[in-house]
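The values are calculated or read from the model by the stated rules, or taken from the named source; none is laboratory data. Keep in mind the model is a prediction, meaning the values are calculated, not measured. Here Cβ is always computed from backbone atoms with ideal geometry, including for glycine, and neighbour counts include all displayed protein chains.
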Amino acid sequence: MNLWRTLVIISQKNFELKMIKFLIVFAVCQLSLASIIKRSTESFTLKNATQFESPWLALINIKVRNLRCGGSLVKDKFIITAAHCFDGININSPTLKKDIMVVLGEWKTDSDPDCVAADDSCERVAEIPPKKIVIHEQYPRDTRRNKHKHDIAIIQLAWAPRKSELIENIDLTDGECDDNYEDEELFVTGFGHTPTSGKEYAKIKKSIKMSIQTEKYCGENLKDSFVRGFHMCGLGTEGETTCPGDSGSGVTSYKNDIHKLEGLVAYGVATCKAGNKPSGFVKVACFNDWIDKNIEKLSKKKRT
């Protein structure tokens, strides 16, 4: 009898231990699942950029369509941005200077000047209309397939902004079109939507560190939008993603204390509420010659 009772007690203890182990494993799995679900919806946040971060960033207000894009200041008075920002807009319209405004030196869109402390001496933003917009001649406005292959445009500003700590050029990449950016970390700043703002644009400049993915991954996830050789794609290192309103913003590298414009934001998730979704970028190296040729042509034209 004593032996039987001992066996029963041992069996009960073994069962209790197994149940404890099961409950621990179950709890860990639930926490992991909750973490995944939370991360894949709108739990991620975008980091506020510092006031002096990315001084080449241009905020392009397309007032005629109540839209916003980003861009990068190069060669003193030219902005590199995405061609699709001007879909449905007559870029030769006599009202172009009223329809579109480029803002440089912006940090907080609801204040001007942007000072981090009361005693700071801060510059006001520079608001400059476009003089001319050049869209890549092979950018296809009549089809969705490969729409973003040549998704690049140049804005010639009506005048050059005064340089400061808040406004500065960025150099074009010195890379080649067939360079492989896989596993590199590049950076994007912009004023697009945020996961928590719905369809409202960010009121403060945001920053994301992007990890560049393989072409195979990009093609599988971005489907026909991704054009091998001309594009790259990236994931935020903390689950972030670019959002509507970030189109045209620069994708930049930082090596040996030098920033370079490596790409520009072309496409990504439509709602900005799903983390771990890749963003598609046009590779600037594929268009360096086109950029140089058109900037030279615009610079030679007589002032009007």
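Overview of values
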read-out	value
Test for ASN276: is it surrounded by fewer than 21 Cβ atoms within 10 Å (Cβ to Cβ), modelled with pLDDT under 95 and part of a loop (DSSP other than H, G, I, E, B)	yes
Unmet requirement for ASN169, which otherwise passes all of (1) more than 19 Å from the chain's Cα centre (by Cα); (2) modelled with pLDDT of 95 or more	(1)
Residues of the range 67-103 satisfying the condition of being touching a Pro at 6+ places or on another chain (Cβ under 7 Å) and either crowded, with 22+ Cβ neighbours inside 10 Å or closer than 14 Å to GLY190 by Cα (or both)	ILE100, VAL102
Meets criteria (surrounded by 14 or more Cβ atoms within 10 Å (Cβ to Cβ) and either small (Gly, Ala, Ser) or within 19 Å of PRO244 (Cβ to Cβ) (or both)) for GLU106	yes
Residue identified as over 17 Å from LEU166 (Cα atoms) and β-branched (Val, Ile, Thr) among ILE91, ILE128	ILE91
Tally, over the range 183-201, of residues that are in a loop (DSSP other than H, G, I, E, B) and touching an Asp or Glu at 6+ places or on another chain (Cβ under 9 Å)	6
Among residues of the range 236-264, those that are in a strand (DSSP E or B) and either modelled with pLDDT of 90 or more or hydroxyl-bearing (Ser, Thr, Tyr) (or both), counted	13
Qualifying residue in the range 129-149 (condition: within 17 Å of the chain's Cα centre (by Cα), of a type outside the set (Val, Ile, Thr) and in a strand (DSSP E or B))	no
Matching residues in the range 67-104 - criterion: being of a type in the set (Gly, Ala, Ser) and either in contact with an Asp or Glu (Cβ under 6 Å, 6 or more places away or on another chain) or within 16 Å of VAL284 (Cβ to Cβ) (or both)	GLY70, GLY71, SER72, ALA82, ALA83
Close pairs from the range 258-278: first farther than 19 Å from CYS85 by Cβ and among the polar types (S, T, N, Q), partner buried (at least 19 other Cβ atoms within 10 Å of the Cβ) and modelled with pLDDT under 95, Cβ under 8 Å, at least 6 apart	ASN276/LEU235; ASN276/THR241
Qualifying residue in the range 206-227 (condition: in contact with a helix residue (DSSP H, G or I) (Cβ under 9 Å, 6 or more places away or on another chain), under 18 Å from ILE79 (Cα atoms), touching a residue at least 12 places away in the same chain (Cβ under 8 Å) and part of a loop (DSSP other than H, G, I, E, B))	no
Residues of the range 134-149 classified as closer than 19 Å to GLY245 by Cα and modelled with pLDDT of 80 or more, total	2
